[in-house]
Each structure stands twice: as C-alpha cells, then as structure tokens.
Amino acid sequence: MNSKIWNFWANKYSKLWVQKYSLRPTRNYIINSISKIKYNEDLNVLDLGCGPGELIEELSNKFDNFHITGLDFSEKMLEISRLKNRKANHILMDVTDLNKLNNKFKIIICTHSFPYYREPVEVLKKLYRLLEDDGRIFMGFASGDSFYDKFVLSFVKLTTGRANYPSHGEFNQMVHGIFTVENYKIIKEKLYMPRIAVYTLRKVRK
Ligand SMILES: C[S@@+](CC[C@H](N)C(=O)[O-])C[C@H]1O[C@@H](n2cnc3c(N)ncnc32)[C@H](O)[C@@H]1O
C-alpha cells in the first residue's frame, strides 16, 4: 500500500469523529502510562506512524526531557506535524526501511498505524533492534477480537485501504520470541465502537 490515502486524510485528520472515542483516548492512556513510569533522564522517543503529530505535541507539552522523532511515510501528515512540532525530528520513511535507522529509543509508540503494515512481524523485529534493552513499546490499535469488532472494522477499511486488525491471540503470536507483553489494556469508550487494545511491550532477552 502507498501513502496516497493518508495524504488524502492528512488535513482532515484532527477533525475526524474517531478522534473523540478512539484516537484521543489512546493518546491519553499512553501519556498517563508514561507519566506513571516517571522517566527523569533525557531520552529518545520514536512515534511510529505519527500522522499529523498530535501525540508528539501532547508529549512535548508534558515531558521536556523527551527528544521526539516522528516517522511516517505520508509527506502531508509529516508536513502538518512539522508545523506543530518544530523541536521534534521528523523522518519520511516507510516502516519497511526501519533498518536504515541507527538511533536507539527508550520509548517507541505506535498508535493506530500497525494494522496497515504489510509485514508486521518484520517491523516488530526491526523495532527490537531500535529499542533500548530496558525500553518499552506502547502499541495501540483497533483489535479485531470479536465478530462485532471485525464487522465494524470492515467498514473502517473502506476508508483506509488494506488493513489487518489483529485479535489478542494473533498479536500475541506476532510478538512471540521478540517482545513480552508487560501490560494489556482494552479501551472501549462507547458500546458501538470496536475495542482498542494497547500493549506495553518489553524486549525478550536473547
Ligand atoms: C490512522 S493514522 C494514525 C496516526 C497517529 N499515530 C494517531 O494515532 O492518530 C495511520 C498513520 O500510519 C501511517 N502509516 C501507515 N502505513 C505506514 C508505513 N508502511 N510506513 C510509515 N507510516 C505508515 C499513515 O501515513 C498514517 O499517518
């Protein structure tokens, strides 16, 4: 899949109705989880599939010790994020090319982007190399866990193109041998919304 569909959504994205019950609650949960860990030192943070940079903006406002990199393959999304987040580093890149990065990150965040990756397990393996040994990944996405979730998400796919929303079991299989699940949270703000799963991942010791 290419980035055209995301370029199309870029300047409408912050006004989409899914912000209220899906995207914003995911960001809030992750920011809250990070606050509880109390990172005091300066550290590198990667926002994978950062979109128009809402999370980068919120993280920068809250944590002045974070050096944030936003990565996305949509130039329009990055354009908007760059305007909002002048201090952050931005990389225009497809996740397939993650092995071109040399930095290490203490925190990697990936919200509502993972389902669109063609080879998700390959991406996870590349993230293993980019994550500090004591680092954490916060990965959130709409989970195709039940028949209802899959049904609703089949309509979402009409607006995003090809996607695979893994169930809890499928995601556990994907991370197996690469990451362990430290924490798993289900967000469901409204009965009619598909559930969102947010995983906190730690590196498996090799
Ligand atoms: C639904 S948006 C999520 C944006 C933001 N993370 C959020 O939570 O609101 C998905 C983002 O993932 C990006 N994306 C999808 N596939 C990608 C890929 N293969 N490489 C890099 N970015 C990708 C899209 O360009 C888009 O900005």
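Just so you know, all these numbers are worked out from the coordinates, no wet-lab data involved. On a predicted model such as this, the values are computed, not experimentally measured, just so you know. Cβ placement follows ideal geometry from the backbone for every residue including glycine, while neighbour counts extend to all protein chains displayed.
Considering the chain as a Gaussian network with a 10 Å cut-off on Cα pairs, which listed residue, 126, 157, 38, attains the greatest mean-square fluctuation?
Top of the fluctuation ranking is 38.
Return a whole-number percent for the relative contact order of the chain, with Cα pairs under 8 Å and 6 or more residues apart as the contact set.
20 percent
Can you give the Rg to Rh ratio for the chain, taking only C-alpha atoms and Rh from Kirkwood?
A ratio of 0.92.
Between 182, 119, 41, which gets the highest mean-square fluctuation from a Gaussian network model of the chain, Cα cutoff 10 Å?
41
Out of the stretch 113-195, which chymotrypsin sites (Phe, Trp or Tyr not before Pro) are coil in DSSP terms and have no more than 11 other C-beta atoms within 10 Å?
Of the chymotrypsin sites (Phe, Trp or Tyr not before Pro), the ones in loops of the stretch 113-195 whose Cβ has at most 11 other Cβ atoms within 10 Å are 192.
To the nearest µm²/s, what D does Stokes-Einstein give for the stretch 79-142 at 10 °C and 1.306 mPa s, using the Kirkwood radius over alpha carbon pairs as Rh?
Calculated translational D: 123 µm²/s.
Of 100/125; 62/203; 36/203; 126/206; 20/185, which sit over 22 Å apart, Cα to Cα?
62/203
Show that you can apply the helix-only estimate: for the chain, add -39,500 (n - 2.57) for every DSSP H stretch of four or more residues, divide by all residues, and state [θ] at 222 nm to the nearest 500.
Helix contribution divided over all residues of the chain: -10500 deg cm²/dmol.
Could you list, in their original order, any pairs among 84/188; 12/87; 104/150; 76/157 whose Cα atoms are separated by more than 26 Å?
84/188; 104/150
How charged is the neighbourhood of residue 50? Take every other residue with its Cβ under 13 Å from the Cβ of residue 50, and add Lys/Arg as +1 and Asp/Glu as -1.
-3
Take every DSSP beta bridge with both residues inside the chain and express the antiparallel ones as a percent of the total, to the nearest 5.
40 percent
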